[in-house]
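Here's the structure, in structure tokens; my notes come after.
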Amino acid sequence: MYDLRVGDVHRPDIAIECVGAVDPVRAETWNVGPGRGSFTLPVEGDWHIILRPGAPVKRIRAQLADLLEACKEAGIHGLTQVDAFLRIRDPVLFQWLHELKIKSIGRYTPGTGKIYLGMTGIGGPVDPTGRAVPRWIGEFLRAEDRRDVLMKLRDSGAKECHAFIFVSFGGVPWPVESYLGTRTELLPQQAPDLPEPIDAVWIMYGTRGVWWDGRSWRFFSAMEPVVSA
């Protein structure tokens, strides 16, 4: 059964299937780690710890008091990258941090024992024109993981079939994400190559998105109603 409809239950005017463009590893790491907010331990100073996707957050929390004490004894102060320089300086500490997929760690004094978890970012050249969007959306909807999306819409019997895609951080190629996040006023110039039976596609990032209505690209906002031309 598809997710939403406009019109009659048996033969709707529009059938809509919702799907997420998500990096599951990054999302899970965020949800069990930084997404839960800061916390306090009986340690000296405040600590900022940047995790890589897939970091074993439960293990990190279980070992954190001992790990931070070892970092303090090693003279960690300010931002320290877990890199080749730390491997030379303190190979035991490097291996411990590396196995826990910690990218960097920093101690800042004075502090109250606050622990702040973060995650590595993504980046590269920004595409303010949306050139990558039309090709990406066609490839995304044709992927094996979206086979059920096409099947549900095909079986709906609707006059029009729409796909609504929620994009999360790191869930799409960087050129696409950079475009969606720039708040540019430029729309993609090419039509998307959409698989059958999809007629229109909505791509949502945060509270703003871009949609193809079957004829042209338009912006839309989660805070405002969409009025069709």
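In the range 39-134, how does Rg compare with the Kirkwood Rh, expressed as the Rg/Rh ratio over alpha carbon atoms?
Here Rg/Rh amounts to 1.09.
How do Asp3, Asp46 rank when sorted from fewest to most other Cβ atoms within 10 Å of their own Cβ?
Numbers: Asp3 15, Asp46 18.
Fewest-to-most Cβ neighbours within 10 Å comes out as Asp3, Asp46.
Using all alpha carbons of the range 139-205, what is the percent of pairwise distances in each 5 Å bin, ordered from the shortest bin to the longest?
It works out to 3, 13, 25, 25, 18, 10, 6, 1, in whole percents.
Of the labelled options (i) 15.8; (ii) 14.2; (iii) 13.1, which one gives mean projected area of the Cα convex hull in nm² as computed for this structure?
Recomputing mean projected area of the Cα convex hull in nm² here picks out (i).
Taking amide hydrogens as modeled 1.01 Å from N in the peptide plane, which residues meet the under 5 Å criterion relative to Ala21, leaving out close sequence neighbours?
Those lying under 5 Å, H to H, from Ala21 are Phe166, Val167, Ser168.
So what are the range 11-60's ellipsoid semi-axes, whole angstrom, largest first, if each one is the square root of 5 times an eigenvalue of the alpha-carbon gyration tensor? Numbers along the way, then the final one.
Values: eigenvalues 287, 29, 12 Å².
That gives 38, 12, 8 Å for the three semi-axes.
Sorted from largest down, what three extents in whole angstroms do the Cα atoms of the range 63-183 have along their principal axes?
68, 31, 30
Would you mind ranking Met151, Met204 by Cβ crowding within 10 Å, fewest neighbours first? Before the final figure, lay out the partial values.
Working: Met151 13, Met204 21.
Fewest-to-most Cβ neighbours within 10 Å comes out as Met151, Met204.
What distance in nm lies between label points placed 7 Å from Cα along the C-beta direction at Phe85 and Ser216?
With each label point 7 Å from Cα toward Cβ, the separation is 5.3 nm.
So what J values fall out for the range 33-42 if you push phi through Karplus, 6.51 cos²θ - 1.76 cosθ + 1.60 with θ = phi - 60°, rounded to Hz, Gly and Pro as x?
x, x, x, 8, x, 7, 8, 10, 10, x
Run the helix sum for the chain: -39,500 (n - 2.57) per DSSP H stretch of 4+ residues, divided by residue count, reported at 222 nm to the nearest 500 deg cm²/dmol.
Details: 7 runs with 67 residues, N = 229.
Taking each H run of at least 4 residues, the total per residue is -8500 deg cm²/dmol.
Throughout, read-outs are computed from the coordinates displayed, never taken from laboratory work. Treat the numbers as computed from the prediction; the structure is a model and nothing was measured. So basically every Cβ, Gly included, is an ideal-geometry build from the backbone, and we count neighbours across all protein chains shown.
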